[in-house]
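This report refers to the structure that appears directly beneath it.
The values are calculated or read from the model by the stated rules, or taken from the named source; none is laboratory data. Predicted model, so just to flag it, every value in this text is computed and none were measured. Please note: Cβ atoms are built from the backbone with ideal geometry, for glycine as well, and neighbour counts cover all protein chains shown. Areas reflect the complete protein model, heavy atoms only, side chains present, ligands, DNA and RNA absent. Shrake-Rupley method; radii C 1.70, N 1.55, O 1.52, S 1.80 Å.
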Amino acid sequence: MVNKVDFEKNGGLVPVIVQEADTNEVLMLAYMNKEALELTQKTGFAHYFSRSRNKLWKKGESSGNTQEVKEILLDCDNDTLLLKVKQNGVACHTGRKSCFFTKLDSGEIILDKKEEIEYNFTDKLYHTLLDRKNASPKTSYVASLYKKGENTILKKVVEEAGEFCFAIKDDKKDEIIYEAADLAFHALVALAYKNIHPEAILEELKRREGVSGIEEKRNRKK
């Protein structure tokens with residue numbers, strides 16, 4: 001019964017541990033809201049709520065690596081779920097069977113990639129930026145920004161915004177495109193730093209569709 005699950009304890013979401021039904025191998029951790037759990041029960045396939053994208057998603061909706069749910073278990077505090085599934089393909093966006101493949105003490109990778117996951121460009125770039133959090137600042141520009149911290153990232157966003165404005169003023173199409181790309185890239189770095197998927201921005205823009213800008217700003221102040 002969905003009503004047994006205490007969604008309110010954690011702001012409407014509960015953590016979900018996902019296991020391979022046949023082997024009990026832990027595959028991933030995700031989150032569900034009430035709607036995601038109801039969809040999972042109705043369809044027999046795992047649905048989750050993405051905190052970074054701020055939307056419901058079906059596991060494998062783009063990659064085809066779906067999870068057929070065999071059993072759903074509720075913990076003793078009624079605030080955590082365990083899904084036992086048949087994993088079709090791999091569970092991790094990196095192409096590995098499980099999301100748990102890095103030893104904390106040494107950083108050793110203990111699982112090899114089994115396949116390359118195809119994503120749209122924005123999703124691929126976002127995941128690349130997330131992966132750079134574990135890269136060496138000596139070899140990765142993005143990792144160096146992460147290491148220097150929030151202020152450095154924000155300074156780059158402001159710097160690129162200024163250069164974009166100058167390009168607009170100069171009215172040179174190639175420079176406008178180049179500087180807009182720089183600005184978009186560093187804005188994405190800042191979003192990834194805060195674990196916010198760019199699709200969440202698109203969802204917000206969709207929410208505003210058909211709403212007057214004046215009305216939207218007025219409602220935001222309430």
List the pairs from 4/34; 55/206; 58/103; 58/133; 86/133 whose alpha-carbon separation is above 20 Å, in the order I gave them. 58/103; 58/133; 86/133
Filtered hits (lysines, Cα-Cα < 17 Å from residue 155, offset >= 8 within chain) -> 147, 194
Put 85, 26 in order of accessible area, largest first, 1.4 Å probe: what do you get? 26, 85
Sorted from largest down, give the three principal axis spans of the alpha carbons of the stretch 68-222, whole angstrom values. 59, 45, 29
Within the chain, the cysteines whose Cβ lies no closer than 4.7 Å to any other cysteine Cβ are 76, 165
In a solvent-free Debye calculation with one equal scatterer on each Cα, what is log10 I(q)/I(0) for the stretch 1-135 at q = 0.13, 0.14, 0.19 Å⁻¹, listed in the order of the q values? -0.58, -0.67, -1.19
Which percent, nearest 5, of DSSP beta bridges in the chain are antiparallel? 80
Give the share of C-alpha pairs in each 10 angstrom bin for the stretch 1-60, from 0 to the last occupied bin, in whole percents, shortest bins first. 22, 55, 23, 1
What list of ³J(HN,Hα) values in whole Hz, one per residue of the stretch 190-207 in order, does the Karplus curve 6.51 cos²θ - 1.76 cosθ + 1.60 (θ = phi - 60°) give from phi, with Gly and Pro shown as x? 5, 5, 5, 4, 9, 6, 10, 6, x, 5, 5, 5, 5, 5, 5, 5, 5, 4
Relative to the first principal axis of the alpha-carbon coordinates of the chain, what is the inclination of helix 150-170, with its axis defined by its Cα atoms, in degrees from 0 to 90 and to the nearest 10? 50
Can you give me the long-range amide H partners of residue 31? Hydrogens built in the peptide plane at 1.01 Å from N, cutoff under 5 Å, separation of 5 or more residues or another chain. 16, 49
Accessible surface, the stretch 84-182, averaged per residue in Å² (probe 1.4 Å): 69
Write down the accessible area per residue of the stretch 13-70 in Å², having rolled a 1.4 Å probe over the full set of protein chains. 48
Fraction of alpha-carbon pairs in the stretch 161-206 farther than 15 Å apart, rounded to whole percent, equals 52
Quotient of Cα Rg and 2.2 N^0.38 Å for the stretch 41-100, N being how many residues it contains: 1.17
For the stretch 62-155, which semi-axes, largest first and in whole Å, follow from the square roots of 5 times the eigenvalues of its Cα gyration tensor? 30, 18, 15
Quick check: at a probe of 1.4 Å, how many percent of the accessible area of the chain sits on carbon and sulfur atoms? 52
Could you work out the Kirkwood radius for the stretch 133-190, taking every pair of different alpha carbons, averaging 1/r and inverting it, reported in Å? 12.0
